[in-house]
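A.B. asks: Would you mind keeping the following structure in view while I ask a few things?
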Amino acid sequence: MTMLAPPPLSLYVHLPWCVRKCPYCDFNSHPQRGALPFAAYVEALLADLDHDLPLVWGRTVQTVFFGGGTPSLFPPEAIDAFLQQASGRLRFAPGCEITLEANPGTAEHGRFEGYRAAGVNRLSIGIQSFDDGCLQRLGRIHDSAEAVAAVRLARAAGFDNFNLDLMYALPQQTLAMAERDIECALALEPTHLSHYQLTLEPGTAFAARPPAGIPDHDAGWDMQEHCQALLAQAGYAQYEVSAYARPGRQCAHNLNYWRFGDYLGIGAGAHGKLTLGSEQAILRRWKLRHPTAYLAAAGSDAAIGGDEYLSPARRPFDYMLNALRLNAGFALAEFEARTGLPRSAIAAELAQARARGWLAEDGERIVPTELGRRFTNDVIGLFLTDTA
């Protein structure tokens, strides 16, 4: 074992409500029924934060991310109240990236200005598609015109750093339709674009009742390759399996996840991962999923849905589950610092991956090859042991 070094720290804030649950969504989201308890939820978040603060005393928060659910259901005043109080409890780094997820169906005139004034400096807008038929089949509450309008409102409010979420391999989608979605997104000049393949996640409505016309594996791969080419031609570099960015505009929050950084998770169903230097341990903690139960328990041990200390045997798999999503791979010295394990702990698996042409060495870095990026899950699976 080597010494665990605390990595950069992020703060994740989960806002669990949405207007309507999308049939493909497996996130902890709950349909809005009546007026939402915005003020009470902010108080619960702060109580949750106070409860977990001893785990991160003295550390600086590098990024903040409001995820959901649909965070843009919350009024700017609620986001402002939370950030003011949180920044008095935690040290925020200068220029701290603060991202809020927004849904075009909840974008209202003046709301983006309010978020900007509250301190949010990056948006992630869930477009999914610019094709109205695809949006209807996905169960989205907005149409393509509202998507374009939301982006224009965000830009007019002063946001010069924003991500657009797109999905592909959608029900009844053709290659031409997938390419058209990319072209529409590029016309809006985002700094970052996320491009995900639709998957039927267990427990979702789509998994129980798969929609007709989902493209097969080969058709999905064609969409991915053609869209990647369009993005590259437009100056967006792929740096992670589903993430593309203009130079210098990678999502710092997600990069911290993928580099096995630490993150404090607060809110209903939020997950966190923290390196405890004094104990030389890595703790994963998650909170109660249902908003009602969370609101009643926030600030006490009863709000903790579970704690898990990562065993040394489990750490290589958890590390690779994140790091091997990055095109740049990882440095062996960083693996040692983030896991507390010597590089010899993964020597056999690395040798096997290199023999299969999945990974390559670039000095002190381990980098996925083009073949390895196509079979990411198989590469990661090499590091899953029976004792993990």
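A.B. asks: Which residue pairs have Cβ atoms under 7 Å apart, sit 6 or more places apart or on different chains, and have a first residue in the range 181-203 that is more than 13 Å from Ala243 (Cα to Cα) and surrounded by 15 or more Cβ atoms within 10 Å (Cβ to Cβ) and a second that is of a type in the set (Gly, Ala, Ser) and at pLDDT below 95?
C.D. replies: Once the first residue is more than 13 Å from Ala243 (Cα to Cα) and surrounded by 15 or more Cβ atoms within 10 Å (Cβ to Cβ) and sits in the range 181-203, its partners that are of a type in the set (Gly, Ala, Ser) and at pLDDT below 95 give Leu200/Ala207.
A.B. asks: I need the full set of residues from the range 226-262 which are among the small types (Gly, Ala, Ser) and either part of a helix (DSSP H, G or I) or touching a residue at least 40 places away in the same chain (Cβ under 8 Å) (or both), in order please.
C.D. replies: Ala229, Ala232, Ala234, Ser242, Ala243, Ala245, Ala252, Gly261
A.B. asks: If you don't mind, another one. Does Ala157 fit the bill of being aliphatic (A, V, I, L, M) and out of contact with any Cys (no Cβ under 7 Å at 6 or more places or on another chain)?
C.D. replies: yes
A.B. asks: Could you check the range 289-306 and list, in sequence order, the residues that are surrounded by fewer than 17 Cβ atoms within 10 Å (Cβ to Cβ) and over 19 Å from Leu55 (Cα atoms)?
C.D. replies: Arg289, His290, Thr292, Ala293, Ala296
A.B. asks: Among the listed residues Tyr196, Tyr263, which satisfies the condition of being of a type outside the set (Val, Ile, Thr) and not assigned by TED's automatic domain parsing to the domain that holds Pro54? Steps first, please.
C.D. replies: Working: Tyr196 fails: not assigned by TED's automatic domain parsing to the domain that holds Pro54.
The unique qualifying residue is Tyr263.
A.B. asks: Considering the range 160-215 alone, what residues qualify as being small (Gly, Ala, Ser) and either on the phi > 0 side of the Ramachandran plot or in a helix (DSSP H, G or I) (or both)? Steps first, please.
C.D. replies: Restricting attention to the range 160-215, the residues satisfying the condition of being small (Gly, Ala, Ser) are 169, 176, 178, 185, 187, 194, 203, 205, 207-208, 212-213.
Ala169, Ala176, Ala178, Ala185, Ala187, Gly203, Ala205, Ala207, Ala208, Gly213 - these are the residues of the range 160-215 that are small (Gly, Ala, Ser) and either on the phi > 0 side of the Ramachandran plot or in a helix (DSSP H, G or I) (or both).
A.B. asks: How about the range 307-322: which of its residues are within 11 Å of Phe335 (Cβ to Cβ) and of a type in the set (A, V, I, L, M)?
C.D. replies: Met320
A.B. asks: Could you tell me whether Tyr309 is surrounded by fewer than 17 Cβ atoms within 10 Å (Cβ to Cβ), out of contact with any Lys or Arg (no Cβ under 6 Å at 6 or more places or on another chain) and of a type in the set (Phe, Trp, Tyr)? Break it down into steps so the answer makes sense when it comes.
C.D. replies: Numbers: surrounded by fewer than 17 Cβ atoms within 10 Å (Cβ to Cβ): yes; out of contact with any Lys or Arg (no Cβ under 6 Å at 6 or more places or on another chain): yes; of a type in the set (Phe, Trp, Tyr): yes.
Considered against the rule, which asks whether it is surrounded by fewer than 17 Cβ atoms within 10 Å (Cβ to Cβ), out of contact with any Lys or Arg (no Cβ under 6 Å at 6 or more places or on another chain) and of a type in the set (Phe, Trp, Tyr), Tyr309 comes out as yes.
A.B. asks: On the basis of being surrounded by fewer than 16 Cβ atoms within 10 Å (Cβ to Cβ) and among the hydrophobic types (A, V, I, L, M, F, W, C), does Ala252 make the cut? Lay out the reasoning, then the answer.
C.D. replies: Details: surrounded by fewer than 16 Cβ atoms within 10 Å (Cβ to Cβ): no; among the hydrophobic types (A, V, I, L, M, F, W, C): yes.
Judged against the criteria, Ala252 is not a match.
A.B. asks: Kindly list the number of the only condition in (1) under 30 Å from Ala39 (Cβ atoms); (2) in contact with an Asp or Glu (Cβ under 9 Å, 6 or more places away or on another chain); (3) hydrophobic (A, V, I, L, M, F, W, C) that fails for Ala296.
C.D. replies: Of everything listed in (1) under 30 Å from Ala39 (Cβ atoms); (2) in contact with an Asp or Glu (Cβ under 9 Å, 6 or more places away or on another chain); (3) hydrophobic (A, V, I, L, M, F, W, C), Ala296 misses just condition (2).
A.B. asks: Something else: Against the condition surrounded by fewer than 15 Cβ atoms within 10 Å (Cβ to Cβ) and among the aromatic types (Phe, Trp, Tyr), how does Trp258 come out, does it pass? Quick ask: steps written out before the conclusion?
C.D. replies: Working: surrounded by fewer than 15 Cβ atoms within 10 Å (Cβ to Cβ): no; among the aromatic types (Phe, Trp, Tyr): yes.
So Trp258 does not fit the description; no.
A.B. asks: Same structure again: Please go through the range 289-323 and pick out each residue that is touching a residue at least 40 places away in the same chain (Cβ under 8 Å) and small (Gly, Ala, Ser).
C.D. replies: Ala298, Gly299, Ser300, Ala303, Ser311, Ala313, Ala323
A.B. asks: Oh, and also: Taking the conditions exactly as written (under 25 Å from Gly306 (Cβ atoms) and surrounded by 18 or more Cβ atoms within 10 Å (Cβ to Cβ)), does Thr70 satisfy them or not? So that I can check it myself, show each step before the final result.
C.D. replies: On the way: under 25 Å from Gly306 (Cβ atoms): no; surrounded by 18 or more Cβ atoms within 10 Å (Cβ to Cβ): yes.
The answer is no for Thr70.
A.B. asks: Return the residues of the range 24-43 that are touching a Gly at 6+ places or on another chain (Cβ under 7 Å) and crowded, with 18+ Cβ neighbours inside 10 Å; say none if nothing qualifies.
C.D. replies: Within the range 24-43, Asn28, Ser29 meet the criteria.
A.B. asks: Further question: For the range 114-128, does any single residue satisfy the condition of being surrounded by fewer than 21 Cβ atoms within 10 Å (Cβ to Cβ), assigned to a loop (DSSP other than H, G, I, E, B) and at pLDDT 95 or above? Give the steps one after another, and end with the answer.
C.D. replies: First, pick out the residues of the range 114-128 that are surrounded by fewer than 21 Cβ atoms within 10 Å (Cβ to Cβ): 114, 116-119, 121.
From what is left, the residues that are assigned to a loop (DSSP other than H, G, I, E, B) are 119, 121.
Filter once more, so that each one left must be at pLDDT 95 or above: 119, 121.
Within the range 114-128 (the criterion being surrounded by fewer than 21 Cβ atoms within 10 Å (Cβ to Cβ), assigned to a loop (DSSP other than H, G, I, E, B) and at pLDDT 95 or above), the answer is yes, since at least one residue qualifies.
A.B. asks: What's the total number of residues in the range 350-368 that are crowded, with 16+ Cβ neighbours inside 10 Å and either out of contact with any helix residue (DSSP H, G or I) (no Cβ under 9 Å at 6 or more places or on another chain) or more than 15 Å from Ala323 (Cα to Cα) (or both)?
C.D. replies: So the answer is 1.
A.B. asks: Continuing with this model, one more query. With the condition kept exactly as written, say whether any residue in the range 232-240 is touching a helix residue (DSSP H, G or I) at 6+ places or on another chain (Cβ under 6 Å), of a type in the set (A, V, I, L, M, F, W, C) and not assigned by TED's automatic domain parsing to the domain that holds Ala78.
C.D. replies: No; the residues of the range 232-240 include none that is touching a helix residue (DSSP H, G or I) at 6+ places or on another chain (Cβ under 6 Å), of a type in the set (A, V, I, L, M, F, W, C) and not assigned by TED's automatic domain parsing to the domain that holds Ala78.
The values are calculated or read from the model by the stated rules, or taken from the named source; none is laboratory data. A quick note: this is a predicted structure, and the numbers were derived from the prediction, not measured. Here Cβ is always computed from backbone atoms with ideal geometry, including for glycine, and neighbour counts include all displayed protein chains.
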